[in-house]
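Before I ask anything, let me first share the structure, which is written out below as structure tokens.
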Ligand code: SAM
Ligand code: SF4
């Protein structure tokens with residue numbers, strides 16, 4: 001019997017963001033500007049078996065969409081085993097992954113065969129030199145080839161993620177529009193979020209998504225109705241034209257009211273909010289199949305305690321040092 005996962009506000013949770021690693025090979029200026037630094041003494045990432053038990057418990061609570069993220073999930077050697085395990089879990093209907101596009105061109109077919117049906121690929125600029133300056137890697141061409149390979153491999157939903165930065169890439173709106181219309185793709189502009197590590201970057205470069213929304217509306221783009229299990233974006237399209245552009249604006253009023261997602265870190269901690277306090281350990285209940293009822297009860301009880309909203313407007317970004325630590 002499916003018991004729906006809800007919180008004290010009556011919000012229902014059908015979508016889990018599962019981090020596979022906090023390691024990353026890129027150095028995005030808003031996330032890990034100095035690159036990933038290994039911390040000594042941390043526990044190992046969840047094994048494939050632990051991950052399978054975790055997802056089975058969430059699926060028993062009615063959750064049907066899982067997104068693999070990180071850090072960079074493609075760096076996890078067991079990625080394909082994990083993807084196959086999650087995709088084969090009864091009740092899971094959508095398996096998505098967010099990636100910086102590393103080795104996507106050569107691996108897209110394997111991802112599709114392992115059951116990944118949706119990909120979000122981070123592309124913060126369509127200008128090679130700027131892409132290199134933002135990410136620390138001169139790989140725009142490689143990433144765009146990866147997107148083309150993912151389409152050929154039959155991955156149904158492909159979206160570009162682009163972090164909006166005032167004075168860095170906000171002059172590229174027209175190029176992004178031309179790109180999504182030429183390739184009939186969807187793009188998500190994400191407002192820079194303040195984390196514990198990036199307050200000065202945030203103050204300097206944050207640009208409200210509402211500014212981009214106003215420009216889109218002036219160009220004849222119109223908001224679409226929200227789809228079931230959708231992420232937090234308000235999605236726009238130009239009637240009669242291909243392509244979609246979404247805006248993720250966590251600083252907008254009522255952003256948290258439609259929250260439908262939970263997060264689990266690579267080491268098995270449940271994070272009720274991206275900007276919450278430290279995660280709560282689930283790993284202790286992932287050690288055998290006999291623990292499933294206790295695991296389900298713990299997830300359901302913790303979810304009931306989820307706070308109504310983040311405290312970003314009070315300058316409080318919780319315990320998150322950077323989004324690579326719990327998967328954004
Ligand atoms: N490494 C993968 C990638 O970059 O796509 C997955 C992990 S990354 C943390 C997930 C998403 O969070 C990416 O689209 C990234 O651009 C976004 N992100 C990271 N830090 C951010 C920040 N401070 N504000 C807004 N978006 C951020
Ligand atoms: Fe790595 Fe993604 Fe963070 Fe960029 S945004 S540094 S690719 S985890």
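The values are calculated or read from the model by the stated rules, or taken from the named source; none is laboratory data. Everything quoted here is computed from the prediction, not taken from an experiment. Ideal geometry is used to build each Cβ from the backbone, glycine not excepted, and the neighbour counts take in all protein chains shown.
Please tell me if residue 293 is loosely packed, with under 14 Cβ neighbours inside 10 Å and either within 16 Å of ligand 2 (Cβ to nearest atom) or in a loop (DSSP other than H, G, I, E, B) (or both). Give the steps one after another, and end with the answer.
Numbers: loosely packed, with under 14 Cβ neighbours inside 10 Å: yes; either within 16 Å of ligand 2 (Cβ to nearest atom) or in a loop (DSSP other than H, G, I, E, B) (or both): no.
No.
Read through the list (1) under 28 Å from residue 94 (Cα atoms); (2) within 16 Å of ligand 2 (Cβ to nearest atom), then give the number of the only condition that residue 137 fails.
(1)
Follow-up question, since we're still on this one. State whether one or more residues within the stretch 190-205 are at pLDDT 95 or above, away from ligand 1 (no atom under 13 Å from the Cβ), under 17 Å from the mean Cα position of the chain (by Cα) and within 27 Å of residue 13 (Cβ to Cβ).
no
Scan the stretch 54-66 residue by residue and report those that are closer than 19 Å to residue 112 by Cβ and surrounded by fewer than 24 Cβ atoms within 10 Å (Cβ to Cβ). Break it down into steps so the answer makes sense when it comes.
Just the residues of the stretch 54-66 that are closer than 19 Å to residue 112 by Cβ, to begin with: 65-66.
Within the stretch 54-66, just 65 meets the criteria.
Ok, one more. For the stretch 300-311, check the following and say yes or no: at least one residue is modelled with pLDDT under 90, within 16 Å of ligand 1 (Cβ to nearest atom) and on the phi > 0 side of the Ramachandran plot.
Scanning the stretch 300-311, I find no residue that is modelled with pLDDT under 90, within 16 Å of ligand 1 (Cβ to nearest atom) and on the phi > 0 side of the Ramachandran plot, so the answer is no.
Continuing with this model, one more query. Taking the residues in the stretch 14-23 that are in a loop (DSSP other than H, G, I, E, B) and buried (at least 22 other Cβ atoms within 10 Å of the Cβ) as candidates, determine which candidate is farthest from ligand 2 (Cβ to nearest atom).
As a first pass, look at the stretch 14-23 and keep what is in a loop (DSSP other than H, G, I, E, B): 14, 20-23.
Checking which are buried (at least 22 other Cβ atoms within 10 Å of the Cβ) leaves us with 20-22.
Working: 20: 11, 21: 10, 22: 8 Å.
The qualifying residue farthest from ligand 2 (Cβ to nearest atom) is 20.
I'd like to check something: does the stretch 28-41 contain any residue that is part of a strand (DSSP E or B) and touching a strand residue (DSSP E or B) at 6+ places or on another chain (Cβ under 9 Å)? Break it down stepwise before answering.
Restricting attention to the stretch 28-41, the residues satisfying the condition of being part of a strand (DSSP E or B) are none.
No; the residues of the stretch 28-41 include none that is part of a strand (DSSP E or B) and touching a strand residue (DSSP E or B) at 6+ places or on another chain (Cβ under 9 Å).
Out of the residues in the stretch 46-81 that are part of a helix (DSSP H, G or I) and in contact with a strand residue (DSSP E or B) (Cβ under 7 Å, 6 or more places away or on another chain), which is farthest from residue 24 (Cα to Cα)? Steps first, please.
Let us first name the residues in the stretch 46-81 that are part of a helix (DSSP H, G or I), namely 48-60, 73-75, 79-81.
Within this subset, residues satisfying the condition of being in contact with a strand residue (DSSP E or B) (Cβ under 7 Å, 6 or more places away or on another chain) are 54-55, 58, 73-74.
On the way: 54: 23, 55: 24, 58: 27, 73: 8, 74: 9 Å.
Out of the qualifying residues, it is 58.
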